[in-house]
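Each value in this text was obtained by applying a stated rule to the coordinates, not by laboratory testing. Since the model is a prediction, treat every value here as computed from it, not as a measurement. Here Cβ is always computed from backbone atoms with ideal geometry, including for glycine, and neighbour counts include all displayed protein chains.
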Amino acid sequence: METIKYVLDETRMPTAWYNIQADLPTPLPTTLHPGTGQPIGPQDLAPLFPMALIMQEVSQERMIDIPEEVQTIYRQWRPTPLFRARRLEQALDTPAKIYYKYEGVSPAGSHKPNTAIPQAYYNKQEGVKRLATETGAGQWGSSLAMACALFAIQCDVYMVRVSYDQKPYRRALIETYGARVVASPSEETHAGRAILAESPDSRGSLGIAISEAVEIAAQDVDTRYALGSVLNHVLLHQTIIGQETMTQLEMAGDYPDIIVGCTGGGSNFAGIAFPFIGAKLRGEQDVRVLAVEPAACPSLTRGKYAYDFGDTAHLTPLVKMHTLGNTFVPPGFHSGGLRYHGMAPLVSHLLELEQIEAASIQQLDAFGAGVEFARCEGILPAPEANHAVAGAINEALRCKEEGVSRTILFNLCGHGHFDMQAYTDYFAGTLQNYEYPAEEIAMALAGLPSVE
Ligand SMILES: *Cc1c(COP(=O)(O)O)cnc(C)c1O
């Protein structure tokens, strides 16, 4: 039983991104100014982002052209392969068909360069000299550092303290690409100093690191800020994943009944699912879509759909999203990329509209699924991707129970070669399940800004 690979000729790579805002039955709630609570306009965001990205953020056009220069770089690893996981199907003894799109073939090893490249490109076009950003596990930091190296832009990466200490190899990769890495909270910003004054041993969080990077960008006219997930334009750039998959599934003569993705900020999930959800919203083809998140950071399944800040120091605009509260500091579980307090507004909106479903998975179940997958398919998934693998396996086992064949598609958003400590801990039996305590969630949510 062999794995089947669907390869697209690079002349068939999509040349435009798909913007789901064009097909939404009701528009996204407006974004609000952090100080005044009033709706913000494009000019308010200009200190942080280049105008081209701000316009994409609010665009209602269905298709947005991918610049030639970005396409050229994409072609180094795109189109990415789609696989049919025949050996996994056999091991599960399921009547289901399982397909996975593999984004780990990018130079940084995940889907994140799909947005890092256009973000660096548009900043370069508008004369920006330096980008400031945050990174948790280091996937985004390494992707943006690579993109900045290609476009000759300086890059400062505020890396969550706990990852900075525990993930020296991702840090080394970021530095290899020429970026500067700073452990966050740091002494370089107001936001960082304020946290350190209160808790000198702070392990940091994405919310804190975002505050630092935003502060740096807001202060310097030559510096802008870049975010690796959550925002509409980031999700937009990732839709190349789902569009390629549509063509590849046509080659296979198939269409998914179920699409599964893991969700941290929502970008790889949106990337694979939005083009298919678009077809559903336009009444062309139905599909079930499942977002899988860790039980230790359950923004979609246990968070509140409310206006919140994107960062801890309240420097970012207020967006309506599923949130655990901007003061949320996640426990030290092993999916660094899934530890953000909020969820993309577009993904949150689709959950409210009941266009997608959400489930949470415990860390040990996720790793169990990842190990089974590696032994069948040879590819070692990133810990984040293990949540999607587990979700897909659960659906395949349900098909077996119900005696029905369904086509399951999931996004294998990255490889786990930099996360071997997590696998080592899993095999040593030192990994534990962690359910975020209800009291802690209630406490963090009590601090939400009041917005009507
Ligand atoms: C960053 C990352 C994630 C989480 O981010 P999303 O925006 O939800 O995709 C998931 N998997 C991998 C491999 C990542 O690098």
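Overview of values
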| item | result |
| --- | --- |
| D_trans [Stokes-Einstein, Kirkwood Rh over alpha-carbon pairs] for region 308-452, 20 °C, 1.002 mPa s, µm² s⁻¹ | 124 |
| Net length gained if the chain between Thr247 and Arg62 were fully extended (0.36 nm per residue, minus Cα distance) | 64.8 nm |
| Amide proton proximity set for Ala183, modelled H, under 5 Å, gap of 5+ | Met159 |
| Relative packing of peptides 34-43, 96-105 - highest average C-beta neighbours within 10 Å first | 96-105, 34-43 |
| Karplus (6.51, -1.76, 1.60) ³J(HN,Hα), θ = phi - 60°, over region 99-110, in Hz, Gly and Pro reported as x | 10, 9, 8, 10, 9, x, 7, 5, x, 8, x, 8 |
| Region 322-452 - percent relative contact order, Cα under 8 Å, separation 6 or more | 31 |
| Translational diffusion of region 110-153, µm² s⁻¹ [Kirkwood Rh, Cα pairs; Stokes-Einstein; 4 °C; 1.567 mPa s] | 126 |
| Shape call, region 372-449: gyration tensor on alpha carbons, a/c limit 1.5 | oblate |
| P(r) histogram, all alpha-carbon pairs of region 331-404 included - 5 Å bins from 0, percent | 3, 14, 19, 20, 20, 15, 7, 2 |
| Diffusion constant of region 267-318 at 10 °C, which comes from Stokes-Einstein with the Kirkwood Cα-pair radius and 1.306 mPa s, µm²/s | 116 |
| Kirkwood-based Rg to Rh ratio, region 1-83, C-alpha trace | 1.13 |
| Percentage relative contact order, the chain, counting C-alpha pairs under 8 Å, at least six apart | 19 |
| Relative packing of peptides 374-387, 203-216 - highest average C-beta neighbours within 10 Å first | 203-216, 374-387 |
| Potential extension, Arg86-Thr301 segment - 0.36 nm per residue separation minus Cα distance | 74.3 nm |
| Prolate/oblate/rounded call for region 146-215, Cα gyration tensor, a/c under 1.5 rounded | oblate |
| Residue-averaged 222 nm ellipticity for the chain, from DSSP H runs of 4+ at -39500 (n - 2.57), nearest 500 | -12500 deg cm²/dmol |
| Reduced Cα scattering model of the chain, Debye log10 I(q)/I(0), q = 0.08, 0.09, 0.12, 0.13 Å⁻¹ | -0.40, -0.51, -0.97, -1.16 |
| Net lengthening on full extension, Asp286/Lys5 (0.36 nm per residue, minus Cα-Cα) | 98.7 nm |
| P(r) of region 1-40 over all Cα-Cα pairs, binned every 5 Å from zero, in whole percent | 5, 14, 9, 11, 11, 13, 8, 9, 7, 6, 3, 2, 0 |
| Signed unit charges on C-beta, dipole axis of region 1-157, positive-most listed residue Tyr100, Asn123, Ile153 | Tyr100 |
| Debye intensity ratio I(q)/I(0), log10, region 236-337, q values 0.10, 0.14, 0.20, 0.25 Å⁻¹ (C-alpha model) | -0.36, -0.66, -1.07, -1.33 |
| Antiparallel DSSP beta bridges within the chain, percent to nearest 5 | 40 |
| Peptides 136-143, 430-437, 245-252 ordered by average Cβ neighbours within 10 Å, highest first | 136-143, 245-252, 430-437 |
| Residue (of Leu32, Gln43, Val70) at the positive-pole extreme of region 1-136, dipole from beta-carbon charges | Val70 |
